[in-house]
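Have a look at the structure below, then the notes.
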């Protein structure tokens with residue numbers, strides 16, 4: 001069999017076995033009792049009042065869900081232990097068996113009900129629309145046609161918006177990872193509205209900190225937070241449901257919610273909401289078009305950022321090698337600063353931090369952030385290449401009367417380029433993949449498209465393979481191009497032998 | 001053509017040149033010899049300011065050199081179009097063909113048109129016997145051929161003075177003769193030249209004057225018939241004696 005085909009098949013088999021339900025995780029309740037410990041997954045990035053680090057005693061984690069899980073564990077006769085996971089990967093991690101249950105603002109959506117068991121609710125929330133006070137005409141989700149709307153990824157709010165507005169031509173939906181950013185962008189005019197749970201809207205949106213924002217007083221929809229349990233553990237669901245019912249009956253749940261100022265009339269209403277089952281998405285032409293568009297965004301970001309990084313790097317390298325002491329120091333400071341801090345942080349600073357001074361669009365901020373960051377790496381590549389050129393080359397050029405700039409342009413840089421080309425190809429391919437980081441500033445590129453599609457399709461295999469294929473289609477021809485260029489530039493080289 | 005006055009050069013606290021004073025007339029060919037480490041190459045490199053010096057003054061081809069000129073000083077540009085230099089290691093530009101190596105400086109420094117620079121470069125390559133290797137890259141040429149391209153490259157600026165820093169030391173003996181022949185014909189054509197060399201035959205036959213440089217000064221200075229055949233100083237006697245024993 002063709003080796004390449006065998007490799008592809010191997011990947012398919014591996015992906016398929018990861019995609020289904022993790023087998024053999026039944027009997028969790030018995031094991032919890034045996035261990036004397038109930039482990040639950042959550043993400044402190046979810047922020048107050050869910051699960052967050054106590055500002056007064058930082059490493060300690062507090063929140064209304066911490067209290068609820070403490071009560072649940074106590075009533076089961078065991079200790080609770082919270083396990084930190086990224087919110088977006090809570091469900092797959094539960095399925096993998098990394099912890100016993102999920103308790104972190106998990107909404108009872110139809111998709112989740114298909115995939116895992118959901119307990120009875122412990123909280124009823126209202127989807128709340130937040131707008132700027134200068135846009136009084138926006139009063140309901142139906143007014144958002146053609147608008148830009150922010151929300152969090154993998155939420156009920158996202159589902160509602162997507163059911164009303166099928167794609168970006170009807171309404172642009174920007175997905176965020178944190179609670180603060182959707183409202184920051186709304187205030188800056190980068191979006192027109194934000195749809196999120198009332199807990200989030202009241203604490204992060206229409207607060208005194210954002211005087212220009214207001215929450216529309218009509219509820220868009222109601223939803224519930226539930227505890228997520230593996231499909232194979234119905235006896236655990238039964239036990240937890242019984243505990244929650246008891247907590248509701250004897251007032252402990254009310255006490256906890258009151259302590260966190262979360263108690264309202266909604267909590268008294270019927271808490272059983274099955275939701276509607278949305279058909280999971282299939283691989284169709286539209287999905288491929290979306291992936292192609294995302295690939296185009298990735299390619300565009302990468303090329304533009306690299307076109308910025310090369311001159312920045314060349315300038316820094318020349319400054320570091322030939323500059324006077326203060327110029328050298330400044331170049332070195334730049335390099336250490338941009339190379340020594342995460343590009344993710346730099347993107348945040350550019351997009352959110354600088355927003356009060358200069359409000360960059362997400363693509364501009366992404367190109368600028370990646371370009372300035374990679375410029376620091378390019379600088380060191382070029383510096384190494386310049387230092388590798390024998391001193392005699394500079395002397396010969398100067399002895400012919402060439403000035404400093406001419407020596408650089410006609411003698412040193414052409415030779416440095418040849419030396420720098422292999423590491424530059426490396427950096428370009430690396431940048432192609434690092435460009436996925438810009439999803440944190442709401443740019444939907446290839447990797448983000450994959451995670452969105454994986455939620456819509458309820459599986460990672462097809463989006464994952466599609467995404468990998470597109471990255472390869474972008475990177476392999478590029479390496480080939482670099483290889484040819486290298487061969488052309490190597491005309492002046494004796495072939496290497498050992 | 002050249003006048004050097006009280007030239008002093010040091011590396012840290014080591015003195016390389018100790019108050020060198022001398023003159024060279026137009027059309028003279030000076031062979032510079034002496035034990036290694038004596039300051040021969042340093043003196044040569046000071047003459048086109050590749051090496052800075054601490055004190056003294058040099059007048060060369062109508063340009064006056066003093067300590068502390070900036071690298072970008074326009075005087076240096078003038079100096080280097082009037083003084084050509086050939087290095088022991090050739091230092092051809094590896095990314096350019098022989099023709100482009102020769103044509104680069106006239107085009108870039110003197111802003112000669114590309115076609116004019118190229119036709120002049122072809123003439124010069126023919127002059128050094130390499131008319132047929134114009135398109136070759138340096139790595140495709142033998143050491144002797146590379147050094148002849150380097151001479152053509154230096155000549156392309158139409159210099160008044162040529163400096164050679166051990167032009168044949170990196171070459172196999174059979175290639176030295178080709179390079180020496182080119183230098184010899186330049187001497188016959190009346191070029192003012194200073195050649196740092198270990199070639200006795202060359203010093204004897206071609207040079208109009210021979211300098212023996214030792215410990216940073218010109219220990220002996222005179223026509224080869226005097227300096228080579230009847231050296232006065234101990235250092236010169238010992239130096240030539242060793243060379244004669246090495247090449248009988």
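Some observations on this one:
- Within region A:95-131, tally of residues that are surrounded by fewer than 19 Cβ atoms within 10 Å (Cβ to Cβ) and under 20 Å from residue A:187 (Cβ atoms): 0
- Single match in A:416, A:420 (criterion: part of a helix (DSSP H, G or I), crowded, with 18+ Cβ neighbours inside 10 Å and within 13 Å of chain B (Cβ to nearest Cβ)): A:416
- Scanning region B:50-70 for residues that are touching a helix residue (DSSP H, G or I) at 6+ places or on another chain (Cβ under 6 Å) and part of a loop (DSSP other than H, G, I, E, B) returns B:50, B:51, B:53, B:61.
- The listed residues are A:357, A:327, and the only one of them that is surrounded by fewer than 20 Cβ atoms within 10 Å (Cβ to Cβ), more than 14 Å from chain B (Cβ to nearest Cβ) and in contact with a helix residue (DSSP H, G or I) (Cβ under 9 Å, 6 or more places away or on another chain) turns out to be A:327.
- The residue list A:8, A:72 contains one member that is over 30 Å from residue A:182 (Cα atoms), outside the structural domain of residue A:448 (by TED's automatic domain parsing) and modelled with pLDDT of 85 or more, which is A:72.
- Count of residues meeting criterion [in contact with a helix residue (DSSP H, G or I) (Cβ under 6 Å, 6 or more places away or on another chain) and free of Cβ contacts under 8 Å to residues at least 12 places away in the same chain] in region A:334-354: 0
- Residue within region B:107-118 that is more than 11 Å from chain A (Cβ to nearest Cβ) and touching a residue at least 12 places away in the same chain (Cβ under 8 Å) present: yes
- Any hit, region B:155-176, residues being in a helix (DSSP H, G or I) and at pLDDT 90 or above: yes
- Reported count of residues in region B:67-82, each being within 12 Å of residue A:407 (Cβ to Cβ) and in contact (Cβ under 8 Å) with a residue 60 or more places away in the chain, is 1.
- Among the residues of region B:130-148, just one is without any contact (Cβ under 8 Å) to a residue 24 or more places away in the chain and within 14 Å of another protein chain (Cβ to nearest Cβ), namely B:140.
- Filter pass, residue A:163 being surrounded by fewer than 21 Cβ atoms within 10 Å (Cβ to Cβ), outside any loop (DSSP other than H, G, I, E, B), out of contact with any helix residue (DSSP H, G or I) (no Cβ under 8 Å at 6 or more places or on another chain) and on the phi < 0 side of the Ramachandran plot: yes
- Qualifying residues in region B:82-94 (those that are surrounded by fewer than 21 Cβ atoms within 10 Å (Cβ to Cβ) and within 8 Å of another protein chain (Cβ to nearest Cβ)) - the one farthest from residue B:135 (Cα to Cα): B:89
- The residue of region B:13-45 that is farthest from residue B:236 (Cα to Cα), among those that are touching a residue at least 40 places away in the same chain (Cβ under 8 Å) and assigned to a helix (DSSP H, G or I), is B:45.
- Among the residues of this structure, residue A:116 does not count as one that is at pLDDT 95 or above and within 29 Å of residue A:37 (Cβ to Cβ).
- Any chance residue A:224 is in contact with a helix residue (DSSP H, G or I) (Cβ under 7 Å, 6 or more places away or on another chain), buried (at least 19 other Cβ atoms within 10 Å of the Cβ) and in a strand (DSSP E or B): no
- Filter result for the condition that a residue is more than 14 Å from chain B (Cβ to nearest Cβ), in a helix (DSSP H, G or I) and farther than 30 Å from residue A:96 by Cα, over A:411, A:429, A:405, A:440: A:429
- Residue count for region B:177-194, restricted to those that are in contact with a helix residue (DSSP H, G or I) (Cβ under 9 Å, 6 or more places away or on another chain) and in a loop (DSSP other than H, G, I, E, B): 1.
The values are calculated or read from the model by the stated rules, or taken from the named source; none is laboratory data. Keep in mind that this is a model prediction, so the values were computed, not measured. Please note: Cβ atoms are built from the backbone with ideal geometry, for glycine as well, and neighbour counts cover all protein chains shown.
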